[in-house]
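First the structure, in the form of structure tokens, and then the observations on it.
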Amino acid sequence: MSKKLTKRTEDYSKWYNELVVKADLAENSAVRGCMVIKPYGYAIWEKMQAQLDKMFKETGHENAYFPLFVPKSLFEAEEKNAEGFAKECAVVTHYRLKTDEENKGKLIVDPNAKLEEELIVRPTSEAIIWNTYKNWIQSYRDLPILINQWANVVRWEMRTRLFLRTAEFLWQEGHTAHATKEEAVAESLQMQKVYAEFAEDFMAMPVVKGAKTESERFAGALDTYTIEALMQDGKALQAGTSHFLGQNFAEAFDVKYVTKEGKQELVWATSWGVSTRLMGGLIMTHSDDAGLVLPPKLAPIQVVFVPIYKNEEQFEAISEKVAEITDSLKAKGVSVKFDKRDTLRPGAKFAEWELKGVPLRIAMGARDLENGTLEIARRDTFEKQSVAQENTVETVLELLEEIQDNLFSRAKTFREEHTTEVDSFEEFKEVIETKGGFVSAHWDGTEETESKIKELTKATIRCIPLDALEEEGKCVYSGNPSKKRVLFAKAY
């Protein structure tokens, strides 16, 4: 397969799809709308998972696991949640198959094996978890419950795209129970902050922290807090959400606790999650026409060595030196690969590791061995430098830090250049159509205006930024009074 990618300026969507496949991240499966995450793609997800898991545990959360199947009666208990997900549900109606007597070797659903109650394949786990919490919570001493689950969910999608929107995807979902509203709101905001720190410090992806409008909230939530990122094509990506659920689920499942004063009160709830959609965000924030660009903190391979030699003797000598340097790098926590395949020429190896986004590539030949040098190439800027072998570890550590910082500042600059304040609807439409990015504009707070703007421009309110300034203004569409600006964009 040719490794050359379609240019982003020619067809951004095609570029993305090609990159995911050619960089060995994922591919479409035999199951419509579902993907196979390949080892290299899964290794990146594992790095994300490990760091997030560490951050969750540092904030007092524990991991647990709940069933994949949710009885329909439980799913229906919280009406808004059930209504919000109803059209996306996969439903199990029977519990076995049988041989088709009329078609040898084929199977059919056994009509006598119909379930008494249908099972929903979880699109989210609030229902099954709150039905469980009812048994765990009796008094204030049982609170708070701070649980996270790493799992897969199914949301039946008609139009899918690898990582960004698939019928089945991997994620984590936190579900917490609290004695007071204040605790639950604080938890929701804390987890939004954790997501933002992960996105910026590890993914090198700048995000805006904000609240969703009522129409964009999670089904069953009183408030949804979000982190919104901007991709290189000027579209926004909702990268993570944290929901303040109020007492809706406690009421639906009758989850009460006895207070210190001996009164019975309903419990307060939150839920929060990020998914393999982050992989799509990582790709679209940093990658270029040559392939994937990975921030060092999430790269499965941070440094790749490529030997350049003419004979076995040179190869042996280079390998010995590389092994010595590799040991020193690994001792400092750097992940290293020595590409000693003899089936590819060095140029082909360079192109492959460039496509796969490895932050640093080190080439070493016979002359380097004589001179005590090697050549280090940066993936983010394509800059090369000759370095003395004894300075390799120090230089690599410095460069990895530089690349991490550079990727973040580059993405932040892009976002700043593509965030535009507008005060008229004509200007709004022009920016959305020609420039893209975030549009900061006044909104009158009504769902009617929000849906009209979406209908006319395909732009949605991504969030009401938490740090939005209070300022008197007029709604960009209706002209009605407005207290603050919100962020609009076309989105994934």
Original post:
Of (1) modelled with pLDDT of 95 or more; (2) more than 25 Å from residue 134 (Cα to Cα); (3) not charged (D, E, K, R), residue 186 satisfies all except one. Which?
Top reply: (2)
Subject >> Cross-chain or 6+ apart pairs with Cβ under 7 Å, segment 411-432 first and of a type in the set (Gly, Ala, Ser), then open to solvent by less than 60 Å² (accessible area, probe 1.4 Å) and part of a loop (DSSP other than H, G, I, E, B) >> reply: 411/204; 411/205; 411/206; 424/476
**OP:** Those residues that are in a helix (DSSP H, G or I) and charged (D, E, K, R), I need them from segment 320-350; list them, please.
**Re:** 320, 321, 324, 327, 330, 349
Subject >> Subset of segment 425-463 (residues that are basic (Lys, Arg) and assigned to a helix (DSSP H, G or I)) >> reply: 429, 435, 452, 454
Original post:
Say we look at segment 101-117 and pick out the residues that are assigned to a strand (DSSP E or B) and touching a residue at least 12 places away in the same chain (Cβ under 8 Å); which of these is farthest from residue 252 (Cα to Cα)?
Top reply: 109
Original post:
Just a yes or no: is a residue in segment 420-432 within 30 Å of residue 297 (Cβ to Cβ) and at pLDDT 95 or above?
Top reply: no
Subject >> Criterion (of a type in the set (A, V, I, L, M) and under 27 Å from residue 281 (Cα atoms)) met by exactly one of 31, 109 >> reply: 31
**OP:** Kindly provide the set of residues from segment 123-149 that are within 24 Å of residue 71 (Cβ to Cβ), in contact with a helix residue (DSSP H, G or I) (Cβ under 7 Å, 6 or more places away or on another chain) and not in a helix (DSSP H, G or I), ordered by number.
**Re:** 123, 124, 145, 148
Original post:
Within the set of pairs 6+ apart or on separate chains, which have a first residue in segment 376-387 that is of a type in the set (A, V, I, L, M), a second that is not in a strand (DSSP E or B), and C-beta atoms under 7 Å apart?
Top reply: 376/395; 376/399; 387/395
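Yes or no, residue by residue, for (1) of a type in the set (A, V, I, L, M); (2) open to solvent by 50 Å² or more (accessible area, probe 1.4 Å):
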residue: 357; (1), (2): no, no
residue: 360; (1), (2): yes, no
residue: 365; (1), (2): no, no
residue: 371; (1), (2): no, yes
residue: 379; (1), (2): no, no
residue: 384; (1), (2): no, yes
residue: 387; (1), (2): yes, no
residue: 393; (1), (2): yes, no
Original post:
How many residues does segment 383-424 contain that are part of a strand (DSSP E or B), under 30 Å from residue 461 (Cβ atoms) and polar (S, T, N, Q)?
Top reply: 2
Subject >> Any hit, segment 217-237, residues being touching a helix residue (DSSP H, G or I) at 6+ places or on another chain (Cβ under 8 Å), of a type outside the set (D, E, K, R) and open to solvent by 60 Å² or more (accessible area, probe 1.4 Å) >> reply: yes
Subject >> Answer residue from segment 22-65, given it is free of Cβ contacts under 8 Å to residues at least 24 places away in the same chain and either farther than 20 Å from residue 150 by Cα or touching a Lys or Arg at 6+ places or on another chain (Cβ under 6 Å) (or both) and is surrounded by the most Cβ atoms within 10 Å (Cβ to Cβ) among those >> reply: 29
**OP:** Please determine, by comparing only the residues of segment 240-267 that are under 27 Å from the mean Cα position of the chain (by Cα) and among the aromatic types (Phe, Trp, Tyr), which one is surrounded by the most Cβ atoms within 10 Å (Cβ to Cβ).
**Re:** 249
Subject >> Extreme residue, surrounded by the most Cβ atoms within 10 Å (Cβ to Cβ), among residues of segment 433-446 that are farther than 22 Å from residue 471 by Cβ and in contact (Cβ under 8 Å) with a residue 40 or more places away in the chain >> reply: 436
Original post:
When segment 131-151 is examined, which residues are found to be in contact with an Asp or Glu (Cβ under 8 Å, 6 or more places away or on another chain), within 30 Å of residue 262 (Cα to Cα) and open to solvent by less than 40 Å² (accessible area, probe 1.4 Å)?
Top reply: 146, 147, 148
Original post:
What pairs come up if the first residue lies in segment 184-200 and is closer than 12 Å to residue 239 by Cα, the second is of a type in the set (Phe, Trp, Tyr) and surrounded by 23 or more Cβ atoms within 10 Å (Cβ to Cβ), and their beta carbons are under 7 Å apart, counting only those six or more places apart or on different chains?
Top reply: 192/225
Subject >> Those residues of segment 351-374 which are under 27 Å from residue 19 (Cα atoms) and either assigned to a strand (DSSP E or B) or of a type outside the set (Lys, Arg) (or both), in sequence order >> reply: 351, 352, 353, 354, 355, 357, 358, 359, 360, 361, 362, 363
**OP:** Name the residue, out of 75, 85, that is part of a helix (DSSP H, G or I), out of contact with any Phe, Trp or Tyr (no Cβ under 6 Å at 6 or more places or on another chain), buried (at least 18 other Cβ atoms within 10 Å of the Cβ) and touching a residue at least 60 places away in the same chain (Cβ under 8 Å).
**Re:** 85
Original post:
With 262, 291, 281, 246 as the choices, which residue is under 24 Å from residue 491 (Cβ atoms) and at pLDDT 95 or above?
Top reply: 281
Original post:
Residue check: is residue 100 surrounded by 13 or more Cβ atoms within 10 Å (Cβ to Cβ) and more than 28 Å from the chain's Cα centre (by Cα)?
Top reply: no
Subject >> The one condition in (1) crowded, with 19+ Cβ neighbours inside 10 Å; (2) in contact (Cβ under 8 Å) with a residue 60 or more places away in the chain that residue 120 fails to fulfil >> reply: (2)
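The values are calculated or read from the model by the stated rules, or taken from the named source; none is laboratory data. It should be emphasised that the depicted structure is a prediction, and the values quoted were computed from it without experimental measurement. Every residue, glycine among them, receives a Cβ derived from its backbone with ideal geometry; neighbour counts consider all protein chains shown. Just the protein is used for accessible areas: all its heavy atoms, side chains included, with ligands, DNA and RNA removed. Shrake-Rupley method; radii C 1.70, N 1.55, O 1.52, S 1.80 Å.
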